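Student: One structure follows; several queries about it will come next.
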Protein chains: 2
Amino acid sequence: MSIKKLPVIDLTTPVACCSPLVREPLDEAGATELAATFKALADPVRLRLLSLIASHAGGEACVCDLTGPFDVSQPTISHHLKVLKQVGLIDSERRGTWVYYWVLPAALERLSALLNTAEARA
Amino acid sequence: MSIKKLPVIDLTTPVACCSPLVREPLDEAGATELAATFKALADPVRLRLLSLIASHAGGEACVCDLTGPFDVSQPTISHHLKVLKQVGLIDSERRGTWVYYWVLPAALERLSALLNTAEARA
DNA sequence: CATCTATATTGACGGATATCGATCCAGATG
DNA sequence: CATCTGGATCGATATCCGTCAATATAGATG
């Protein structure tokens, strides 16, 4: 009951897969896969990398833009980028000397939708 | 340029704190705090616990409802519940012999909002 | 008070992971 | 082809974390 509105259909979301976490129990396989994605987000450096890439001009950034803001070594940055890429949160491409990374919005949207409670509060 | 629409204001979102990850670079302190929350979600058992609690009748479940569906021991379940509670995703209360847990929707909404890209694609 | 049940805490152990220095690889450039 | 630079990979190390068995605590009940 109450003022529950139908969610606005967001056409910018390519694939809003699966039922939200709070609606029905997550099965074991789904939990394992989802945990892997959250694990990739469960590190301060990786979160900042993701945020830096996404908010960078043009929606992409080369590694040379990403090593400066951190106290960790270049191999460590490279490692974190690999982790983010392996779970499908970002992708990359080499252009000449530099390698560019960008965020895959569909992946973030999927997580956002999974965490969305969107329920009427009593 | 392009067809960038203003984001639809979602009144079902209680406290949409902070700027989404993709809008501006996350600062170090924010990243550390956010990473702690994602770390709590970065485990299959904890994800299923959260989902089980949220989708349980009445929106809450006692530990006795939660130990059955898993292959892990009772102390392990207790440990995972503590982790989820420490980051503010769930809360609990003792009633007589049993301890009941429930999900704090505002915490999930905050994460959902942070991951929401809500941007026009070129 | 003794005991039983539900849950939490403790301590230990093994596997995962963040980090580094060293090195390797790929393009660019002379 | 030699060399330089941006970035990835490798191997080692230290720390973190999920798990368990054992034990402790808190209500309920006899």
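Student: Of the numbered conditions (1) of a type outside the set (A, V, I, L, M, F, W, C); (2) in a loop (DSSP other than H, G, I, E, B); (3) more than 8 Å from every other protein chain (Cβ to nearest Cβ); (4) crowded, with 16+ Cβ neighbours inside 10 Å, B:Y100 satisfies every one except a single condition; which is it?
Tutor: Only one criterion is unmet by B:Y100, namely (2).
Student: Also, I was wondering about something else. Would you call A:L52 touching a strand residue (DSSP E or B) at 6+ places or on another chain (Cβ under 7 Å), more than 9 Å from chain B (Cβ to nearest Cβ) and either at pLDDT 90 or above or on the phi > 0 side of the Ramachandran plot (or both)?
Tutor: When the stated conditions are applied, A:L52 does not pass them.
Student: What number goes with the only condition from (1) at the interface with chain B (Cβ under 8 Å from one of its Cβ atoms); (2) within 16 Å of DNA strand C (Cβ to nearest atom) that A:L26 does not pass?
Tutor: With respect to (1) at the interface with chain B (Cβ under 8 Å from one of its Cβ atoms); (2) within 16 Å of DNA strand C (Cβ to nearest atom), A:L26 is out only on (2).
Student: Right, here's the next one. Output the number of residues of the stretch B:29-38 satisfying the condition of being in contact with a helix residue (DSSP H, G or I) (Cβ under 6 Å, 6 or more places away or on another chain) and more than 7 Å from chain A (Cβ to nearest Cβ).
Tutor: Total satisfying the criteria: 0.
Student: Follow-up. Does the stretch A:55-73 hold any residues that are among the polar types (S, T, N, Q) and open to solvent by 50 Å² or more (accessible area, probe 1.4 Å), and which are they?
Tutor: Matches in the stretch A:55-73: A:S73 only.
Student: Does the stretch A:49-72 contain any residue that is β-branched (V, I, T) and near DNA strand D (Cβ under 10 Å from one of its atoms)? First the steps, then the outcome.
Tutor: Taking the stretch A:49-72 and keeping what is β-branched (V, I, T), we get A:53, A:63, A:67, A:72.
Pick out the ones that are also near DNA strand D (Cβ under 10 Å from one of its atoms) and you get A:63, A:67.
Yes; the residues of the stretch A:49-72 include at least one that is β-branched (V, I, T) and near DNA strand D (Cβ under 10 Å from one of its atoms).
Student: Also, I was wondering about something else. Looking only at residues that are within 11 Å of DNA strand D (Cβ to nearest atom) and surrounded by 15 or more Cβ atoms within 10 Å (Cβ to Cβ) in the stretch B:82-97, which one is farthest from B:H56 (Cα to Cα)?
Tutor: B:V83
Student: Right, next: Taking the condition open to solvent by 30 Å² or more (accessible area, probe 1.4 Å) and either modelled with pLDDT of 95 or more or more than 10 Å from every other protein chain (Cβ to nearest Cβ) (or both), does A:E119 pass?
Tutor: Criteria not met by A:E119.
Student: For A:L114, are the conditions met, namely being within 15 Å of DNA strand D (Cβ to nearest atom), buried (at least 16 other Cβ atoms within 10 Å of the Cβ), within 12 Å of chain B (Cβ to nearest Cβ) and touching a residue at least 12 places away in the same chain (Cβ under 8 Å)?
Tutor: No.
Student: Here's another thing I want to ask about it. Looking at (1) within 27 Å of A:V22 (Cβ to Cβ); (2) modelled with pLDDT of 95 or more; (3) not small (G, A, S), which is the one condition that is false for A:R94?
Tutor: (1)
Per-residue answers, yes or no, for (1) within 30 Å of B:E109 (Cα to Cα); (2) of a type outside the set (S, T, Y):
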position: A:R46; (1), (2): yes, yes
position: A:S51; (1), (2): yes, no
position: A:S55; (1), (2): yes, no
position: A:V63; (1), (2): no, yes
position: A:P69; (1), (2): yes, yes
position: A:D91; (1), (2): yes, yes
position: A:W102; (1), (2): yes, yes
position: A:R110; (1), (2): yes, yes
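Student: Output the qualifying pairs, or none if there are none: Cβ atoms under 8 angstrom, residues six or more apart or on different chains, first residue in the stretch B:59-83 and assigned to a strand (DSSP E or B), second residue near DNA strand C (Cβ under 10 Å from one of its atoms) and open to solvent by less than 60 Å² (accessible area, probe 1.4 Å).
Tutor: Close Cβ pairs (under 8 Å, with a partner that is near DNA strand C (Cβ under 10 Å from one of its atoms) and open to solvent by less than 60 Å² (accessible area, probe 1.4 Å)) amount to B:E60/B:Y100; B:E60/B:Y101; B:A61/B:Y100; B:A61/B:Y101; B:C62/B:V99; B:C62/B:Y100; B:C62/B:Y101.
Student: B:T76: crowded, with 16+ Cβ neighbours inside 10 Å and either within 16 Å of DNA strand D (Cβ to nearest atom) or at pLDDT below 95 (or both), yes or no?
Tutor: Numbers: crowded, with 16+ Cβ neighbours inside 10 Å: no; either within 16 Å of DNA strand D (Cβ to nearest atom) or at pLDDT below 95 (or both): yes.
No, not satisfied.
The values are calculated or read from the model by the stated rules, or taken from the named source; none is laboratory data. Predicted model, so just to flag it, every value in this text is computed and none were measured. Because the Cβ atoms are built from the backbone with ideal geometry, glycine has one as well, and the counts that use them run over all protein chains shown. Note: areas computed on protein heavy atoms with side chains; ligands, DNA, RNA excluded. Shrake-Rupley method; radii C 1.70, N 1.55, O 1.52, S 1.80 Å.
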